[in-house]
Amino acid sequence: MGVINKFSLAAFLLLMSGAGASALQFDTGKFNFKLSGYGTGGMIQPKLQTPVFIGDWRVRGQMNFAPNDEHKFGAVYALDAAALDDGRAMREAFGFYELRDAGRIELGFTDSIARKLGVGLPDVGGLRINDRPIFHKKIVPAGPVISDTTLTTGRSALRMNVVSVSGGGAQYGLSLAGITDDYDFTVDAGLKIRRPSGKLKTAWSFGASFMDNPHGFSTDVYAPAVTADWRAQFTAGLNVQYNSWIWGTTVRVIYDDNPVGPISDGLVVGSGVSYDLLKYSVSLTYMFSDTGIWNRDVDDFMDHMLIGSFRYKYSENVDGWISLGVTSETPFVSAGMRLTF
């Protein structure tokens, strides 16, 4: 077992041992510190045959200093299983400044504002379908798959995010990133419009991105790294909640100009619904990926994913889940336990 895998297992077991408690928090009024996270352990049976272990976890720490009611300074550091899968020592690490009536500025290594203002697909299982799905760790797709419906330009470049406060239900922001070997620069923009009052609650999100000169850049682990003159992306999503029902749909479009090597652009569309009843939750999620649709020199690859999940919440910090699905023509069943703190 490699060093990274040993560390991943150790961190996961640490979460398992302490996840039954509430988040660790220290507050003096002007200074606040909070440590939170989750751990998921379970199994998956590809083709409904031999079960194999799957694990997922995340730890996040945040410090805030508020000298008065108008201003706040802070820092965030997070580490998770997905980051270690890429050989990185952090998921995100950044500092921020907030002005209460204006907005927030972030500087460091973190997601773009287009991703932070995006909406995901309803899902009650533990397979992380909204953030680098973990079932493909054990079920390798037959071709390149765009697995994430929310716009992403990575977290490995120095980035500045500027985002407004929510006014009239709308919140918007802009990101600029560079100082990396993956591309020259990228500019991202995001908008979220929320209507949270009444029985019918809605949230719309829109995001756009321009990346100059990507060379060997990759965020979707199941699609090849891109080398091109430039990359453009667009994403849109909608979540609708009515009482205990939640319906969501999202789409992400990627276009690479003059790509060199394997094709990694295309589109991904997803839709899903979930329902909560007391301690029980169910969800059904579908995702379709089509890679290579802009390039007529190669055959595009289409992938369908359908997952139904059931979750029972034992307590505030402990829940169990089971999922049944099919992806890349491979049926599977998966089950596990999730602990949060």
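Annotations for the structure displayed:
- Only helices enter this figure: runs of n ≥ 4 DSSP H residues, each worth -39500 (n - 2.57), summed and divided by the residues of the chain, yield -2000 deg cm²/dmol at 222 nm to the nearest 500.
- Two-decimal log10 I(q)/I(0) for the chain, as the Debye equation yields it once each C-alpha is a single scatterer, q = 0.07, 0.08, 0.14, 0.15 Å⁻¹: -0.30, -0.40, -1.35, -1.56
- Relative exposure of 101, 80, 184, judged by other C-beta atoms within 10 Å (fewest first): 101, 184, 80
- Separation of the alpha carbons by more than 29 angstrom is noted, of 138/192; 116/201; 30/201; 137/199; 47/116, for 138/192; 30/201; 137/199; 47/116.
- Summary value for the chain: 16 percent relative contact order, contacts being C-alpha pairs under 8 angstrom separated by 6+ residues.
- Footprinting exposure proxy for 131, 299 (fewest neighbouring C-beta atoms within 10 Å first): 299, 131
- At the listed q of 0.08, 0.09, 0.13 Å⁻¹, the Debye profile of segment 184-341, built from one uniform point per Cα, gives log10 I(q)/I(0) equal to -0.33, -0.42, -0.81.
- At full extension, residue 302 and residue 89 could sit 73.4 nm farther apart than now, given 0.36 nm per residue minus the alpha carbon distance.
- Total charge dipole magnitude, segment 3-340, about the Cα centre, Cβ charges on Lys, Arg, Asp, Glu only, Debye to nearest 20: 1380
- Residues 194, 58 arranged by fewest to most Cβ contacts within 10 Å: 194, 58
- Compactness check for segment 134-192: Cα Rg over 2.2 N^0.38 Å is 1.52.
- Cα centroid separation, segment 32-70 to segment 182-256: 22 Å.
Read-outs: derived from the displayed coordinates by stated rules, not from any lab. Predicted model only: the values in this text are computed from it and were never measured. Every residue, glycine among them, receives a Cβ derived from its backbone with ideal geometry; neighbour counts consider all protein chains shown.
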